[in-house]
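Coordinate-derived values only; no laboratory data. Note that the coordinates shown come from a computational prediction; the quantities given were computed from them, not determined experimentally. Glycine gets a Cβ as well: all are built from the backbone with ideal geometry, and neighbour counts include every protein chain shown.
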Amino acid sequence: MNGKFLLDTNIVIAIFANDAAVINSLTDANEVFVPSIALGELYYGAHKSSRMEANIARINEFAVSSSVLTCNAATSQQYGKIKNGLRVKGRPIPENDIWIAAISKQHGLTLISRDEHFKEIDGLLITAW
């Protein structure tokens, strides 16, 4: 399974937990990216945890060693299309996940996630590890 992938927050958490399925899949990937939104979700989780400093240090280390993709005007255009498509279907999903999907579509990446609601987004390449 070669390709270019964008990791959702739940996949990064699986990496932190040494999930064998995720770790094995990563070894076969050509290019792997992390959306800045996922990092924000991780930092939020760290700030509300009982091990805040240790968790923040772990996220910092991960962020430095990762290829992080941020939002720009092109991402915003994708976001608008996706959000409207979901509105028309009557199938809203969490806002952060719309932004993650927008980054994935913008860069032509396969989104790796365990969240089923991403299947509601037309044209999104998605795989679960």
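Points to keep in mind about this one:
- Helix 73-89 axis, angle to the chain major axis (alpha carbon atoms, nearest 10°): 60 degrees
- Labels on offer are (i) 21.5, 71; (ii) 13.3, 43; (iii) 14.6, 43, and the one holding Rg and Dmax of the Cα atoms in Å computed from this structure is (iii).
- Long-range HN-HN contacts of Leu111 with modeled amide H, under 5 Å: Leu6, Leu125, Ile126, Thr127
- Over the chain: helical MRE at 222 nm, DSSP H runs n ≥ 4 each giving -39500 (n - 2.57), nearest 500: -17000 deg cm²/dmol
- With contacts taken as Cα pairs under 8 Å and at least 6 residues apart, the chain reaches a relative contact order of 30 percent.
- When each of Phe5, Phe62 is scored by the number of other beta-carbon atoms lying within 10 Å, the sequence from fewest to most is Phe62, Phe5.
- Number of Lys-Lys pairs in the range 4-127 with C-alpha atoms under 14 Å apart and a separation of 8 or more places or on different chains: 7.
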